[in-house]
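Quick notes on the structure that follows.
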Amino acid sequence: MTDSPVRHDAAITDRSILTGSAYSSGDDLVARQSLYQWQTPRYDLPGLVADLLREVHGMVVDIGCGNGKFIRRLKSDRPDLRLLGTDISAGILADVPRPVAVADAARLPLADSSANAALALHMLYHVEDIPGAIRELGRVLADDGIVIASTNSGRDKAELDHLWERAAGEVLGVDRGPSRISLSSRFSLEEAPVLLGETFSDVRVIELPGVIAVTDPDPVVAHMTSYRAWADQHAVPFEETIEQARTIVADLIERSGRFEINCLGGIMVCRL
């Protein structure tokens, strides 16, 4: 058995998986985002991003914008900005406020120094050539602009990793099952500042620690199920493992009243 987390780099960056199932719609992304409703402290991430952009005027591009959560907030809070959302998946862009563009983070459809700010929020781990994509961020950024990137720590939600291994082990009849896939392990909060620092002279890290506490297994199950696009990477019957995880969490909640998950994410504010 392998230690968690598992990277499975090729699957995390596989274009057919990303556009065909993982982000063909926003449903699985919403399931992952929804778990944070039960986090303390509760962070308003779109509000934090909007505040970090308070001195920015002109063009803001949200790269890998997903379901448009941050674009919607900026449209509301900062109607003066010119916003562009990009993603490699046309499907997930269907309900994102226009203008949008299907585009690869490694080859942005923008001129040099044309963006006053660029967002790369929980998406750089999906890019095959992360240093190249970071250089592309630097290329399109105006000299006085900022890049806001985000990701999670390698220690983020370790309880879910342990839960998966226990559930998988019980399904397979072994002490501990194979580890689940980890998206942010390719661009963790520990590694990201170093990678960003190769292009940007100033990288400021804002850590966002918290604890998720649930009294019902459904939010945990929904979050774990949202990784169904990578089910073949887990070397274990996916649906059976999910249902075993539900049973385990329900039992833990019955005995202790809650199931807790320790979280650590972060935002990086970068300048040339």
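Only the coordinates and a few stated rules stand behind these numbers; no lab work does. Only a predicted model underlies this, so the values are computations on that prediction, with no experimental measurement involved. FYI the Cβ positions are ideal-geometry reconstructions off the backbone, even for glycines, and counts take in every protein chain you see.
Applying the Karplus relation 6.51 cos²θ - 1.76 cosθ + 1.60 with θ = phi - 60° to region 176-181 yields 3J(HN,Hα) values of 9, x, x, 6, 7, 5 Hz, where x marks Gly and Pro. Summed over qualifying helices (DSSP H, 4 residues or more, each -39500 (n - 2.57)) and divided by its residue number, the chain shows a 222 nm mean residue ellipticity of -9500 deg cm²/dmol. Output the 0 to 90 degree angle, nearest 10, between the alpha-carbon long axis of helix 130-140 and the longest principal axis computed from the alpha carbons of the chain. Roughly 30 degrees between the two axes.
Placing a label point 7 Å from the Cα of Glu190 along the Cα-to-Cβ direction, the residues of region 209-252 whose backbone N falls under 19 Å of that point are 209-210.
Counting charges near Gly47 (Lys, Arg +1; Asp, Glu -1) among other residues having Cβ under 14 Å from its Cβ returns a value of +4. Residues in region 116-124 carry Karplus couplings, in order, of 7, 7, 9, 9, 9, 9, 6, 9, 5 Hz; the curve used is 6.51 cos²θ - 1.76 cosθ + 1.60 with θ = phi - 60°, and Gly or Pro positions show x.
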